[in-house]
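Undergrad: Dropping the structure in here first, questions after.
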Amino acid sequence: GKTAVADCIAGICNPDSFGPSHDPGMQRLRRATRWNVWDTGCLGYASLARGAIDVTINGPNLDAFDICALVPVVEGAGGAITAWDGGALTLHSSGAIVASAGDHLHAMVRELLNGS
């Protein structure tokens, strides 16, 4: 897998869904990656699982029914998926999520999203 964010293709869901608290992180990721695919939705997570893209993010407009089905798909393909703050995704999750092709990449992407 890719080890540098600058080499990655990012799938970014509806840019209007990020809002003022998440838009800066989305913009940092957008500028840092090699290429972006917009409005990916669930297809972004499937594309990540099959190796076509490297990172997928959603804004805070998700609930557990949107999130939970994605976890076994991404993790089963060897990827990492969490809340933006790194929290595990469960039936009680809501909000912004991020998936990456691997743990090392995921840590770097989360740093960008959270402004570190």
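The values are calculated or read from the model by the stated rules, or taken from the named source; none is laboratory data. This one's a predicted model, so the numbers in the text were calculated from it and none came from an experiment. For neighbour counting, all protein chains shown are included, and Cβ atoms are generated from backbone atoms with ideal geometry for every residue, glycine included. Ligands, DNA and RNA are stripped out before the accessible areas are found, and what is left, the full protein with its side chains, is counted by its heavy atoms. Shrake-Rupley method; radii C 1.70, N 1.55, O 1.52, S 1.80 Å.
Undergrad: Counting just the residues of region 91-116 that are farther than 21 Å from Gly41 by Cβ, among the small types (Gly, Ala, Ser) and at pLDDT 95 or above, which one comes out least open to solvent (accessible area, probe 1.4 Å)?
TA: Only one residue tops the list, namely Gly102.
Undergrad: For region 22-35, state whether one or more residues are buried (at least 19 other Cβ atoms within 10 Å of the Cβ), charged (D, E, K, R) and within 13 Å of the chain's Cα centre (by Cα).
TA: Step one: filter region 22-35 for residues buried (at least 19 other Cβ atoms within 10 Å of the Cβ), giving 22, 25-26, 29, 33.
Still in the running and charged (D, E, K, R): none.
The answer is no, given that none of the residues of region 22-35 is buried (at least 19 other Cβ atoms within 10 Å of the Cβ), charged (D, E, K, R) and within 13 Å of the chain's Cα centre (by Cα).
Undergrad: Of all residues in region 52-68, count the ones that are part of a loop (DSSP other than H, G, I, E, B) and either under 24 Å from Thr90 (Cα atoms) or within 13 Å of the chain's Cα centre (by Cα) (or both). Quick ask: steps written out before the conclusion?
TA: To start, the set of residues in region 52-68 that are part of a loop (DSSP other than H, G, I, E, B) comprises 52-54, 59-62, 68.
Still in the running and either under 24 Å from Thr90 (Cα atoms) or within 13 Å of the chain's Cα centre (by Cα) (or both): 53-54, 59-62, 68.
Of the residues in that region, 7 qualify.
Undergrad: Pull out all pairs, ordered by first then second residue, where Cβ-Cβ is under 7 Å, the residues are six or more apart or on different chains, the first lies in region 62-81 and is closer than 12 Å to Leu48 by Cβ, and the second is part of a loop (DSSP other than H, G, I, E, B) and hydrophobic (A, V, I, L, M, F, W, C).
TA: That search, which allows pairs on different chains as well, returns Gly79/Ala101; Ile81/Leu89.
Undergrad: Looking only at region 3-21, count how many residues are assigned to a loop (DSSP other than H, G, I, E, B), buried (at least 18 other Cβ atoms within 10 Å of the Cβ) and not hydrophobic (A, V, I, L, M, F, W, C). First the steps, then the outcome.
TA: Step one: of region 3-21, the residues assigned to a loop (DSSP other than H, G, I, E, B) are 3-4, 8, 13-14, 18.
Going one step further and asking which of them are buried (at least 18 other Cβ atoms within 10 Å of the Cβ), we end up with 8, 13, 18.
Within this subset, residues satisfying the condition of being not hydrophobic (A, V, I, L, M, F, W, C) are none.
Adding up the residues that qualify gives 0.
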